[in-house]
Amino acid sequence: MSKISRDHAAPRRRLFLKGLAALPLGLSVNAAHAARHDRQLGFRHTHTDERLSLVYRNANGYIEPALQRINWLLRDHRSGEFTRMDPKLYDILHALSIACGGDTFEIISGYRSPATNNALRKTGGGGVAKRSLHMDGKAIDIRLVGVDTARLRDAALALGVGGVGYYPGSDFVHIDTGPVRSWGPRKA
């Protein structure tokens, strides 16, 4: 191996090891294997019916044009405003798709502008926090096509990362990259 190729291999090896270290504890061997390969996500936004399927991360890291496309999809559909979403959300979604076997996430809510968040609170949105992480681009409300939301909640809790909220009446799960915590009904 020449000096040039060794110099290029070292950063890739460090990125790979860093990626493995960033994986939440408790992920399966399949999830760890997937971390070494392209990470793909599929989406359908329930309010706009927009669809998107793409590789958002590869062995070299996050793919910026893909992140920009997801940021746009997850915009506040009421105002058209968007923000840079926390890419760790996508890693959580990827881990959930592996754990549950689904491949298309239905988006209920991604980014929310402060005005939208306040309006939802005023109209009786009992689950809408005054200082919602949706406004920081760190939260997403989802379903996974073909997967019961209680099962999706259980898989999210098993990851042991971020916040997990379960809303069975509205049939969705809230995921965020904030502190580890959970709310909503539990298994009986």
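The values are calculated or read from the model by the stated rules, or taken from the named source; none is laboratory data. All figures in this text were calculated on a predicted structure; none of them were measured in a lab. Cβ: placed from backbone, ideal geometry, glycine included. Neighbour counts: every protein chain shown. Note: accessible area is taken over every heavy atom of the protein model, side chains too, but ligands, DNA and RNA are not part of it. Shrake-Rupley method; radii C 1.70, N 1.55, O 1.52, S 1.80 Å.
Going by the structure shown, is Ser182 hydroxyl-bearing (Ser, Thr, Tyr), under 13 Å from the mean Cα position of the chain (by Cα) and at pLDDT 95 or above?
Details: hydroxyl-bearing (Ser, Thr, Tyr): yes; under 13 Å from the mean Cα position of the chain (by Cα): no; at pLDDT 95 or above: yes.
No, not satisfied.
Residues in segment 64-86 that are within 13 Å of Arg39 (Cα to Cα) and crowded, with 18+ Cβ neighbours inside 10 Å: Ala66 only.
Are any residues in segment 75-128 among the polar types (S, T, N, Q) and either in contact (Cβ under 8 Å) with a residue 12 or more places away in the chain or within 16 Å of Val55 (Cα to Cα) (or both), and if so, which ones? Please lay out each step first, then the result.
Within segment 75-128, the first condition is being among the polar types (S, T, N, Q), and the residues that meet it are 79, 83, 97, 104, 109, 113, 116-118, 123.
Listed by number, the residues that qualify are Ser79, Thr83, Ser97, Thr104, Ser109, Ser113, Thr116, Asn117.
Within segment 113-132, can one find any residue that is on the phi > 0 side of the Ramachandran plot and modelled with pLDDT of 95 or more? No, segment 113-132 has no match at all.
Per the conditions (1) surrounded by fewer than 18 Cβ atoms within 10 Å (Cβ to Cβ); (2) over 18 Å from Thr46 (Cα atoms); (3) of a type in the set (Val, Ile, Thr), the sole criterion not satisfied by Ile92 is (1).
Considering only residues that are of a type in the set (D, E, K, R), assigned to a helix (DSSP H, G or I) and touching a strand residue (DSSP E or B) at 6+ places or on another chain (Cβ under 9 Å), which ones fall in segment 101-135?
Going through segment 101-135, the residues of a type in the set (D, E, K, R) turn out to be 103, 106, 112, 121-122, 130-131.
From what's left, assigned to a helix (DSSP H, G or I): 121-122.
Selection gives nothing.
Being out of contact with any strand residue (DSSP E or B) (no Cβ under 7 Å at 6 or more places or on another chain), part of a strand (DSSP E or B) and open to solvent by 20 Å² or more (accessible area, probe 1.4 Å) is the filter here, so list the residues in segment 39-62 that pass it.
First pass over segment 39-62, keeping only residues out of contact with any strand residue (DSSP E or B) (no Cβ under 7 Å at 6 or more places or on another chain): 47-50, 58-61.
If we keep only those that are part of a strand (DSSP E or B) too, we end up with 58, 61.
Residue satisfying the conditions is Asn58 alone.
Looking at this structure, is Val164 open to solvent by 20 Å² or more (accessible area, probe 1.4 Å) and either under 12 Å from the mean Cα position of the chain (by Cα) or at pLDDT 95 or above (or both)? Talk me through it step by step, then tell me what you get.
Values: open to solvent by 20 Å² or more (accessible area, probe 1.4 Å): no; either under 12 Å from the mean Cα position of the chain (by Cα) or at pLDDT 95 or above (or both): yes.
It is false that Val164 is open to solvent by 20 Å² or more (accessible area, probe 1.4 Å) and either under 12 Å from the mean Cα position of the chain (by Cα) or at pLDDT 95 or above (or both).
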